[in-house]
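**Q** One structure, as structure tokens, below. Some questions next.
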Amino acid sequence: MSGLGLALKGSAFAAARSFVAGTPLEASIEIDFTHPEGTIDDGIYGQFIEHLGRAINGGIFEEGSPLSDAKGVRKDVLEKIRGLRPGILRYPGGTFTKIYHWMDGIGPLAERRSRPNLIWGGVENNHFGTDEAIAYARELGADAYFAVNMGTGTAEEAGNWVEYCNGTQDTYYANLRRKNGHSDPFNVKYWGIGNEEAAGPDIGRLQDVKEFVKEAWLYTKAIKLQDKDAKLVLCGADDAWNEYVLKEIGAVCDYISMHHYVSSDESKPGSLFPQVDHMEELILTLKGQIQTLTPEKVTDFSKWYRFPHRANPVKIAIDELGIWEPGGTGAYQLEEYYTWEHALGTATFYNIMLRQASVVGMATWAQTVNVLAPIMTSKTAAVCQTIYYPMQFYRQHAGNVSLKTQVATPDLNMPGSKASKALDVAVTLHDSDGSLVIFVVNRHPEQAVKTDLRSIDSEQYTPVAVYELNAMAIDAMNTLENPAKNVVISTERKLSGNLSDYTFPAHSITAIRYKRI
């Protein structure tokens with residue numbers, strides 16, 4: 001079993017597609033090669049861990065387990081997360097950030113402070129803290145992204161955390177890091193100024209956007225005066241909140257956050273997809289606000305701030321993204337199994353982010369292990385859920401430049417559900433070799449879709465391979481009860497000659513790769 005499931009060749013490939021039913025529907029894809037959408041940031045392949053349920057303790061970290069190393073890191077889980085090659089790892093929350101004091105989680109384990117987890121319940125012993133999160137991110141080859149406490153914390157505490165992580169001088173917190181065994185700075189690049197500060201039920205205190213911005217300026221100064229190169233993520237919320245934040249603090253806002261969770265109605269087949277599709281509408285609205293309210297280049301920024309303004313246009317950080325169905329188990333019923341339909345929704349999320357590459361600069365899936373997660377664990381096993389495989393698939397095959405498309409596709413009209421499209425499409429280029437990759441998600445549960453591809457210039461591009469993910473049924477899932485069984489079928493086939501059309505099987509995720517001639 002490979003990282004993408006069973007690799008099928010020859011007759012097995014044909015067998016895997018034998019469930020295509022009925023006469024194919026018809027569609028077409030046209031690609032605009034003259035006006036690229038933008039560069040795709042590795043940050044969109046991020047992951048998120050929070051002190052919530054079994055996301056960290058009992059997930060990536062389990063002291064005393066035979067599956068863990070001497071430091072408590074679950075080796076089987078680490079290997080699976082490595083397979084996703086995340087570009088960013090967000091920590092420590094989430095809502096938990098509002099009560100988190102980073103000093104509790106550094107130094108010898110015996111000296112760390114245990115505190116009640118006032119947000120999610122239980123007791124947090126803080127054996128997994130800053131140093132461990134940095135080590136974990138480095139094991140993954142990911143950039144660390146820390147969110148600071150704006151609820152029960154202070155700007156000074158946040159600045160001290162930056163000094164601990166990134167300080168190079170002979171100063172107290174930098175020396176404390178050295179004392180804890182880390183002579184070189186961690187160089188944490190991304191810093192979140194709070195988390196969902198608009199949320200009324202939370203322990204936070206900044207639900208008024210004017211109060212948030214006033215405090216965010218203070219946090220910005222405390223962080224940037226410690227590290228002028230820090231990239232800041234400012235909390236987003238509704239349109240009015242976002243407008244005020246962008247107008248008042250846009251000069252130092254590298255990213256504005258967006259959180260997007262979706263769920264489906266069991267009584268309405270296909271109802272997940274309109275919820276997923278809605279994310280693109282939200283992105284376009286926020287993109288319009290960014291373009292209207294924040295100039296690409298900042299001017300008239302006072303030198304007396306003593307740190308620079310942002311260097312690049314503001315981008316969106318979708319730093320909580322996930323599928324949140326009711327009826328799970330565990331803490332707050334957030335442990336749940338995902339079907340192949342959820343994998344199709346996940347692939348659509350990535351298509352949307354590829355299509356909106358000019359403004360989406362980061363995304364972290366919420367969360368990585370056990371909590372609304374691509375990986376589930378027990379005391380004896382870890383299993384990759386269906387949604388794991390499209391995450392891995394896009395990371396493996398997507399290029400770094402997004403191209404615009406025009407897609408004519410039949411509607412996916414399911415009884416009782418809002419209409420959506422059968423095909424969802426994104427196209428990328430690899431600028432290293434000029435190769436082209438077309439990603440197509442056929443979300444129809446029963447029908448294949450025959451798609452016209454003649455707009456691709458056969459004198460410039462020739463198809464070389466097709467890669468496909470699928471399952472035998474839309475409701476198929478991987479489970480801890482049978483961890484050795486993988487319902488996800490991965491196929492690969494070489495291509496040659498022209499490709500005037502291609503039939504995308506029902507409920508499939510496909511990448512067609514073209515070589516530039």
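**Q** Only strands (runs of 3 or more DSSP E) wholly contained in segment 14-115 count here; list those with 3 or more residues that are in contact with a helix residue (DSSP H, G or I) (Cβ under 6 Å, 6 or more places away or on another chain) and not charged (D, E, K, R).
**A** Strands (runs of 3 or more DSSP E) meeting the threshold: 88-91.
**Q** Something else about it: Looking at segment 481-495, is at least one residue of a type in the set (A, V, I, L, M, F, W, C), touching a residue at least 12 places away in the same chain (Cβ under 8 Å) and over 22 Å from residue 339 (Cα atoms)?
**A** Scanning segment 481-495, I find at least one residue that is of a type in the set (A, V, I, L, M, F, W, C), touching a residue at least 12 places away in the same chain (Cβ under 8 Å) and over 22 Å from residue 339 (Cα atoms), so the answer is yes.
**Q** A further question on this structure: Can you confirm whether residue 164 is assigned to a helix (DSSP H, G or I), open to solvent by less than 20 Å² (accessible area, probe 1.4 Å), touching a residue at least 12 places away in the same chain (Cβ under 8 Å) and closer than 18 Å to residue 95 by Cβ?
**A** Against the criterion (assigned to a helix (DSSP H, G or I), open to solvent by less than 20 Å² (accessible area, probe 1.4 Å), touching a residue at least 12 places away in the same chain (Cβ under 8 Å) and closer than 18 Å to residue 95 by Cβ), residue 164 does not qualify.
**Q** More than 23 Å from residue 506 (Cβ to Cβ), open to solvent by 40 Å² or more (accessible area, probe 1.4 Å), in contact (Cβ under 8 Å) with a residue 40 or more places away in the chain and not assigned by the TED database to the domain that holds residue 329: is that true of residue 475 in this structure?
**A** no
**Q** In addition: Being part of a strand (DSSP E or B), open to solvent by 10 Å² or more (accessible area, probe 1.4 Å) and either at pLDDT 95 or above or under 21 Å from residue 515 (Cα atoms) (or both) narrows it down to one of 424, 457, 431, so name that one.
**A** The match here is 424.
**Q** Right, residue 513: touching a helix residue (DSSP H, G or I) at 6+ places or on another chain (Cβ under 9 Å), crowded, with 17+ Cβ neighbours inside 10 Å and basic (Lys, Arg) or not?
**A** Yes, satisfied.
**Q** Using the structure shown, decide if residue 121 is more than 30 Å from residue 333 (Cβ to Cβ), in contact (Cβ under 8 Å) with a residue 12 or more places away in the chain and open to solvent by 10 Å² or more (accessible area, probe 1.4 Å).
**A** no
**Q** Something else now. Run residue 215 past the list (1) closer than 28 Å to residue 87 by Cβ; (2) touching a residue at least 60 places away in the same chain (Cβ under 8 Å) and report the number of the one that doesn't hold.
**A** Failed condition: (1).
**Q** Okay, moving on. Sort out which residues of segment 478-502 are of a type in the set (Ser, Thr, Tyr) and exposed (fewer than 15 other Cβ atoms within 10 Å of the Cβ), and write them in order of number.
**A** Hits for segment 478-502 are 479, 496, 500.
**Q** Is segment 340-352 home to any residue that is free of Cβ contacts under 8 Å to residues at least 60 places away in the same chain, open to solvent by less than 10 Å² (accessible area, probe 1.4 Å), out of contact with any Lys or Arg (no Cβ under 6 Å at 6 or more places or on another chain) and not acidic (Asp, Glu)?
**A** Yes, segment 340-352 has at least one match.
**Q** Is one or more of the residues making up segment 241-260 part of a loop (DSSP other than H, G, I, E, B) and not β-branched (Val, Ile, Thr)?
**A** Yes, some residue in segment 241-260 is part of a loop (DSSP other than H, G, I, E, B) and not β-branched (Val, Ile, Thr).
**Q** Among the residues of segment 35-86, what is the count of those that are open to solvent by 10 Å² or more (accessible area, probe 1.4 Å) and either under 23 Å from residue 351 (Cβ atoms) or touching a Gly at 6+ places or on another chain (Cβ under 6 Å) (or both)?
**A** Residues flagged as open to solvent by 10 Å² or more (accessible area, probe 1.4 Å) and either under 23 Å from residue 351 (Cβ atoms) or touching a Gly at 6+ places or on another chain (Cβ under 6 Å) (or both) within segment 35-86 amount to 13.
**Q** Quick one: would you say residue 364 is closer than 18 Å to residue 276 by Cβ, at pLDDT 95 or above and either open to solvent by 10 Å² or more (accessible area, probe 1.4 Å) or part of a helix (DSSP H, G or I) (or both)?
**A** No: the conditions fail for residue 364.
**Q** Which residues, taken from segment 372-383, are among the aliphatic types (A, V, I, L, M) and out of contact with any Lys or Arg (no Cβ under 7 Å at 6 or more places or on another chain)?
**A** 372, 373, 376, 381, 383
**Q** Right, another one. Could you check how many residues of segment 197-236 are charged (D, E, K, R), crowded, with 20+ Cβ neighbours inside 10 Å and under 22 Å from residue 152 (Cβ atoms)?
**A** 1
**Q** Can you tell me which of 204, 236 is outside any helix (DSSP H, G or I) and touching a Leu at 6+ places or on another chain (Cβ under 8 Å)?
**A** Sole residue among the options that is outside any helix (DSSP H, G or I) and touching a Leu at 6+ places or on another chain (Cβ under 8 Å): 236.
**Q** Criterion first (in contact with a Phe, Trp or Tyr (Cβ under 7 Å, 6 or more places away or on another chain) and modelled with pLDDT of 95 or more) does residue 135 satisfy it?
**A** The answer is no for residue 135.
**Q** Go through the residues of segment 323-333 one by one and say whether even a single one is part of a strand (DSSP E or B) and either among the β-branched types (Val, Ile, Thr) or at pLDDT 95 or above (or both).
**A** Yes - at least one qualifying residue is present in segment 323-333.
**Q** Does residue 293 satisfy being in contact (Cβ under 8 Å) with a residue 24 or more places away in the chain and open to solvent by 10 Å² or more (accessible area, probe 1.4 Å)?
**A** Taking the combined requirement at face value, the residue satisfies it.
The values are calculated or read from the model by the stated rules, or taken from the named source; none is laboratory data. Computed from a predicted structure; not experimentally measured. Counting neighbours? That spans all protein chains shown, and the Cβs are built from the backbone with ideal geometry, glycine included. We work out accessible area using only protein heavy atoms, side chains counted, and drop any ligands, DNA or RNA first. Shrake-Rupley method; radii C 1.70, N 1.55, O 1.52, S 1.80 Å.
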